[in-house]
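Quick one: structure below, then a few questions.
The values are calculated or read from the model by the stated rules, or taken from the named source; none is laboratory data. All figures in this text were calculated on a predicted structure; none of them were measured in a lab. Counting neighbours? That spans all protein chains shown, and the Cβs are built from the backbone with ideal geometry, glycine included. For accessibility, only protein heavy atoms count, side chains too; no ligands or nucleic acids. Shrake-Rupley method; radii C 1.70, N 1.55, O 1.52, S 1.80 Å.
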Amino acid sequence: MALSREQIAMRVAQEFQDGDYVNLGIGIPTLAANYVPADIQVMLQSENGLLGMGPNPTEEQLDADMINAGKETVTAVTGASIFNSAESFAMIRGGHVDFTVLGAFEVDVSGNIASWMIPNKLIKGMGGAMDLVAGAKNIIVTMTHADKHGNSKLLQQCTLPLTGVNCITRIITDLAVLEVKNQAFYLSERAPGVSVEEIQSKTAGELVVPEHVPEMQF
Amino acid sequence: MAGFDKVVNSYAEAMAGLEDNMTVIAGGFGLCGIPEGLIAQIKTMQTKGLTIVSNNCGVDGFGLGILLEDKQIKKMVSSYVGENALFEQQLLNGELEVELTPQGTLAEKMRAGGAGIPAFYTATGYGTPVGDGKESREFNGRPYILEESITGDFAIIKAYKADRYGNCIYRHTAQNFNPMAATAGRITVVEVEHIVEPGELEPSQIHTPGIYVDRVIQGSFEKRIERKVVAK
């Protein structure tokens, strides 16, 4: 069965290693913070200028001067640091952030990502997404494998305006974990109970399927 | 004003010299760390044709959003502008121009502008609509685009504390774009929660040295929260 949003987030959190600095985008990526394994420590970076983002505050802790990149009120963990936007993006663009997790509309076999603009619809802006995909050492894209009409989001070539080029190496969808390399998607895991055939039918870009495709472990 | 004392006593003095068609760089991220009173003063002055450089454009009825009400803004340079209906309406009507700029590039454009660097190369935006028409060049096998820096006629800043000499510190994530914006204005105006005497701030803890600051005004802030989320 296809994974829920929470299950995708759980699978994402398995990627984190002890001591990682991680930037999580809005939506499913943010949920991954709830599933960081208890035996490791990660520090969350919020691009508005906070390294060491904590949970949302209590009513008593509420402070208008403490927000995250999604403009939600947050707290800082012990050992956090706070800095200006240029410093924050020096961390991102300089390759100091270990992991970025973000959503997308489309990804293609060249590792290109489209995530910010649908022509003829209202364009709100890219925020920090273009900086994040250009700068992070490891980028994981989380999204549903197909849109609500059943159209694949894993393409031979993106059709929407791009957020970044040649930058995506790993995708975690509701159906599968895939690596992007050699101009193809390499299927490495499937969601429990999801068949290789279903993944093949919903992957429009070149897909390489090994002899054995293990199920994700939770 | 005498010597390095930069404190002014009215918003009219704080924004004196602002004219139609000028460029104003504003600090703030969403509604966090915005110079509320200076924005209100621009509305009072009814200055038109402004180019505003700011990560966002406030919300309907608050922050920079109030400058849309009388169509004072000609162009916004921002990374994300999706929070107000009036903005959307004026954009669709062609009354407002927007130059969407990646957030890190925007911060760096201000920083470079203030530091006398006219342009810089960045990988951000290469191969995307942001890179269209811009010079590109390879360094160590990777392509980069050339982005020009930004300076403004005015920079409007919100700080937590400033001394009379204009040395500023910011509080928590209300820092955001303010320090870079402060360096990039021909006239930089800082609205603060607390004005203190020179010597009261620890010199090594100052975020914005007073050399960048022309005017300091005591503000009073609503500090509206855009997305209040509390722990369950």
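With a 1.4 Å probe on protein heavy atoms only, work out how much accessible surface A and B bury together, total over both chains, in Å² to the nearest 100.
Numbers: alone 11300 and 11440 Å², together 18990 Å².
What A and B bury together is about 3700 Å².
If you build a Gaussian network model of chain A, linking Cα atoms that sit under 10 Å apart, which residue out of A:Tyr186, A:Tyr21, A:Tyr35 swings the most?
A:Tyr35
Going Cα to Cα from B:Lys232, which aspartates and glutamates come in below 17 Å? Please leave out same-chain ones fewer than 8 positions away.
A:Glu59, A:Glu60, A:Asp63, A:Glu72
Where a Cα-Cα gap under 25 Å defines reach, which lysines qualify for B:Lys109, not counting those fewer than 8 residues away within the same chain?
A:Lys71, A:Lys124, A:Lys137, B:Lys48, B:Lys74, B:Lys75, B:Lys134, B:Lys158
Taking R0 as 25 Å, what's the FRET efficiency between A:Phe218 and A:Ile40 from their Cβ-Cβ distance, rounded to 0.05?
After rounding, the FRET efficiency stands at 0.90.
Quick one: which residues, 5+ away or cross-chain, put their amide H under 5 Å from the amide H of B:Cys168? H built at 1.01 Å from N.
Here the answer is B:His207, B:Thr208, B:Gly210, since their amide H atoms fall under 5 Å of that of B:Cys168.
Accessible area per residue for region A:5-204 in Å², computed with a 1.4 Å probe and the full protein assembly in place, what is it? Walk me through the intermediate numbers first.
Working: 8070 Å² over 200 residues.
Per-residue value: 40 Å².
Evaluate peptide A:116-125: per residue, the Cβ atoms of other protein chains within 10 Å of its Cβ; return the mean as an integer. Each step should come with its number before you reach the end.
Numbers: counts 6, 3, 0, 1, 0, 0, 6, 6, 11, 13.
The per-residue average across the peptide is 5.
Quick one: what are the phi-derived ³J(HN,Hα) couplings along region B:128-139, Karplus 6.51/-1.76/1.60 with θ = phi - 60°, whole Hz, x for glycine and proline?
For region B:128-139, the Karplus curve yields 10, x, 5, x, 4, x, 9, 4, 10, 7, 9, 10 Hz.
Rounded to whole Hz and in sequence order, give me ³J(HN,Hα) for region A:171-183 from the Karplus expression 6.51 cos²θ - 1.76 cosθ + 1.60, θ = phi - 60°, writing x for Gly and Pro.
Computed from phi, the couplings for region A:171-183 are 10, 10, 10, 6, 10, 7, 10, 9, 9, 10, 7, 6, 6 Hz.
While we're looking at this one, here's another question. Between B:Lys134 and A:Asn138, what is the FRET efficiency for a Förster distance of 35 Å, r being their Cβ-Cβ separation, to the nearest 0.05?
On the way: r = 27 Å, r/R0 = 0.78.
That pair, B:Lys134 with A:Asn138, gives E of 0.80.
What percentage of the solvent-accessible surface of region A:5-204, computed with a 1.4 Å probe over protein heavy atoms, is contributed by carbon and sulfur atoms? Mind showing how you got there, number by number?
On the way: 3840 of 8070 Å².
Carbon with sulfur: 48 percent of the solvent-accessible area.
Let me ask something else about it. Give the shape of region B:61-217 as rounded, prolate or oblate, defined through the alpha-carbon gyration tensor: a ≥ b ≥ c are the square roots of its eigenvalues, a/c under 1.5 means rounded, and otherwise the shape is prolate if a/b is larger than b/c and oblate if not. Walk me through the numbers before you get to the answer.
Working: a/c = 2.49, a/b = 1.30, b/c = 1.92.
In terms of gyration-tensor shape, oblate.
Restricting to Cα pairs below 8 Å that are 6+ residues apart, what does the relative contact order work out to for chain B? Please round to a whole percent.
Numbers: 538 pairs, mean separation 54.7, N = 232.
Averaging sequence separation for qualifying contacts and normalising by length gives 24 percent for chain B.
Which lysines, on any chain, are close to A:Lys148 with Cα under 20 Å apart, when same-chain ones fewer than 8 places away are left out?
Leaving aside lysines fewer than 8 places away in the same chain, those within reach of A:Lys148 are A:Lys121, A:Lys202.
Where Rh denotes the Kirkwood radius from the mean inverse Cα pair distance, what is Rg over Rh for chain A? It would help to have the intermediate numbers written out before the result.
On the way: Rg = 17.4 Å, Rh = 17.9 Å.
For chain A, the value is 0.97.
So which GluC sites (Glu not before Pro) in region A:21-105 pass both tests, a DSSP loop state and at most 12 other Cβ atoms within 10 Å of the Cβ?
Working: sites: A:Glu47, A:Glu59, A:Glu60, A:Glu72, A:Glu87; in loops: A:Glu47, A:Glu59, A:Glu60.
Hits after loop and neighbour filter: A:Glu59, A:Glu60.
Just to verify a number: FRET efficiency for A:Asn166 and A:Met1, C-beta to C-beta distance, R0 = 35 Å, to 0.05? Walk me through the numbers on the way to the answer.
Working: r = 33 Å, r/R0 = 0.95.
Step by step, r from the Cβ atoms, then E = 0.60.
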